[in-house]
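Scroll down for the structure; my scribbles are underneath it.
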Amino acid sequence: MVDKADTDVPELLPVLVDAVLPLLKPYEFSLYLLLLRASEFRGGEIRIGKRTISARLGQGTRASRGNYNHITEKLNVLAEAGFIAVGDTSREGTQYRVLLPEAIPAVREVIATSEPPEQEPDYFTDPVLRAELMERDKWTCRYCGEVVTATTATLDHIIPQSLGGPNTPENLTTACLTCNAIKSGRTYEEAAPEILGALVRRKATTS
């Protein structure tokens, strides 16, 4: 629905300047702003004559008739661009349906492309997400199979960060502090001999 009784004008201003103004020529923007003001910045149906529009916008150096033609031309531009819809004409003027910026596809597109892309969740640095991955891995080191605790567990990058490995669930795995320290900055294949050697020594000391 276009009507919006609780439109917040201060919140609307940045949208008008940042997303509407770049889409329209100055006179077109002024005309849209005038019609939006006539709707009390709520959008919806208004009725207004070209004489009133001309008086409010100012004629400049144009003759009266020429000014009306210019207004008609620019109203058609706004209608074609989806800012307004033109209705019937009576003695009181022409009826227009004025759309709020958020209801105009071209404006929504500008807003969408100007917003910073949503950041991917960082499973390596976020404590809650780190715990989720450890729960997923049943608090077990991927490399030696030892059960770990909150104080002995860490997350290891399967593809090291130095090789472009991301902080995603698929590239992170639970590891004990010992295996993580041995593997540091290397792939498992590169570190496997040392990890296995440390595991053998650990088993020997506990048997």
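Being touching a residue at least 40 places away in the same chain (Cβ under 8 Å), under 18 Å from Leu16 (Cα atoms) and assigned to a loop (DSSP other than H, G, I, E, B) is the filter here; which residues of segment 80-103 pass it?
Ala81, Phe83, Leu99, Leu100 - these are the residues of segment 80-103 that are touching a residue at least 40 places away in the same chain (Cβ under 8 Å), under 18 Å from Leu16 (Cα atoms) and assigned to a loop (DSSP other than H, G, I, E, B).
Hey, can you tell me all the residues within segment 1-55 that are at pLDDT 90 or above, outside any helix (DSSP H, G or I) and β-branched (Val, Ile, Thr)?
Residues satisfying the conditions are Ile46, Ile48.
Of the residues in segment 59-68, how many are modelled with pLDDT of 55 or more and exposed (fewer than 13 other Cβ atoms within 10 Å of the Cβ)?
Total meeting the criteria: 1.
Kindly indicate whether any position in segment 190-206 is at pLDDT 90 or above and not in a helix (DSSP H, G or I).
no
Anything in segment 163-183 that is farther than 12 Å from Tyr143 by Cβ and either part of a helix (DSSP H, G or I) or not β-branched (Val, Ile, Thr) (or both)? List them, or say none.
Leu163, Gly164, Gly165, Pro166, Asn167, Pro169, Glu170, Asn171, Leu172
One line per residue, one yes/no per condition, for (1) of a type in the set (A, V, I, L, M); (2) in contact (Cβ under 8 Å) with a residue 24 or more places away in the chain; (3) surrounded by 13 or more Cβ atoms within 10 Å (Cβ to Cβ); (4) outside any strand (DSSP E or B):
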{"residue": "Thr125", "(1), (2), (3), (4)": "no, yes, no, yes"}
{"residue": "Val128", "(1), (2), (3), (4)": "yes, no, no, yes"}
{"residue": "Met134", "(1), (2), (3), (4)": "yes, yes, yes, yes"}
{"residue": "Tyr143", "(1), (2), (3), (4)": "no, yes, yes, yes"}
{"residue": "Ala150", "(1), (2), (3), (4)": "yes, no, no, yes"}
{"residue": "Ile159", "(1), (2), (3), (4)": "yes, yes, yes, yes"}
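The values are calculated or read from the model by the stated rules, or taken from the named source; none is laboratory data. Note that the structure is a prediction, hence the values are computed from the model and not measured. Don't worry about glycine lacking a Cβ; one is built from the backbone with ideal geometry, like all the others, and counts go over all protein chains shown.
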